[in-house]
Amino acid sequence: MDSQKRLFPSVSPSAVPGGAANSRFGRRVALATALVTVLTFGLALTALPDKVPYPFTSEVISDQWPGDYYWLFPAMILMLLFVALVAAVHEHTPPDRKVYSLLALAVAVIAAAVLLIDYYIQATVMQLSLEKGQLDGWAIFSQYNPNGIFIALEELGYLLMSVVFLCLVPALGSGTRLEKSLRWLFLLSFAAVLLALAVVSALLGIDRGDVFEIAVISIVWLTLIAAGLLLARLFKRDFSAGEASAES
């Protein structure tokens, strides 16, 4: 154990070159993540779509444009903030645990890419295709299709985000109450996603529609709001420690 500590000392990010800047960046990104998640969640709740029958080209969709699509734009920004937040946590992580935070960052990039592509296509292609009558292959991509590609990619993206939370559990220290709270938050979030998947799959099988999609999005977004606020406090603590160390 002593040899491991000598090889991988637990150094505060504020005590190394650029550590204060990393902590300042991390705090800003954490707060921005929490705020944008609240905005996205609020817009999504007001845009719950009406049931539209196959082939999902009725007047209902036109009536709900653009209201049903507003939430997609902050959601795309949120994906970029999510990657930046995990990168900041990676810089905060002590050297002996960076393999976990690096894995979390790699999975975060994949998750963000999946959801960015999904949301960008929905926001820029689907409504325009409906207005022009270009409906070949429309049904499989529409967000109104509970068994379509849009829902499937959302499930995949947010499942991967829950895996990121799991990877961050061993990356964070357990020496303070704040870090313990974050570890438990991420662990319980991942467990809740797995439980939701198991329950919905047991009840509905593979034809689960958008039930699991709504559950996993809600769990992940609530986690991001809470984690963003907690991580902002963590980075603020590191920044304050670095300031005090510099003054002394």
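No value in this document is a laboratory result; all are computed from the given coordinates. What you see is a predicted model, and the numbers here were worked out from it, not measured in a lab. Quick reminder, even Gly has a Cβ in these numbers, built from the backbone with ideal geometry, and neighbours come from all protein chains shown.
Residues whose amide H lies under 5 Å from that of Trp71, counting only those 5 or more places away or on a different chain, are absent; hydrogens are built 1.01 Å from N in the peptide plane.
Which FRET efficiency value, to the nearest 0.05, do you get for Glu131 and Lys98 by plugging their Cβ-Cβ distance into 1/(1 + (r/R0)^6) with R0 = 45 Å? Efficiency computed from Cβ-Cβ geometry: 0.35. The HN-Hα couplings worked out from phi for the range 187-195 by the Karplus form 6.51 cos²θ - 1.76 cosθ + 1.60 (θ = phi - 60°) are 5, 5, 5, 4, 4, 5, 5, 4, 5 Hz, whole numbers, x standing for Gly and Pro. Remark: the Lys236-Asp207 segment gains 5.9 nm on full extension, using 0.36 nm per residue and subtracting the alpha carbon distance. Applied to the range 167-182, the Karplus parametrisation 6.51 cos²θ - 1.76 cosθ + 1.60 on θ = phi - 60° returns per-residue 3J(HN,Hα) values of 5, 6, 4, x, 6, 7, x, 10, x, 10, 5, 5, 5, 4, 4, 5 Hz, with x for Gly and Pro.
A simple spin-label model places the labels of Val38 and Ile121 3.3 nm from each other, with each point 7 Å out along Cα-to-Cβ. Each residue of the range 216-223 was assigned a 3J(HN,Hα) from its phi angle through the Karplus expression (A = 6.51, B = -1.76, C = 1.60, θ = phi - 60°), giving 5, 4, 4, 5, 5, 5, 4, 5 Hz with x at Gly and Pro.
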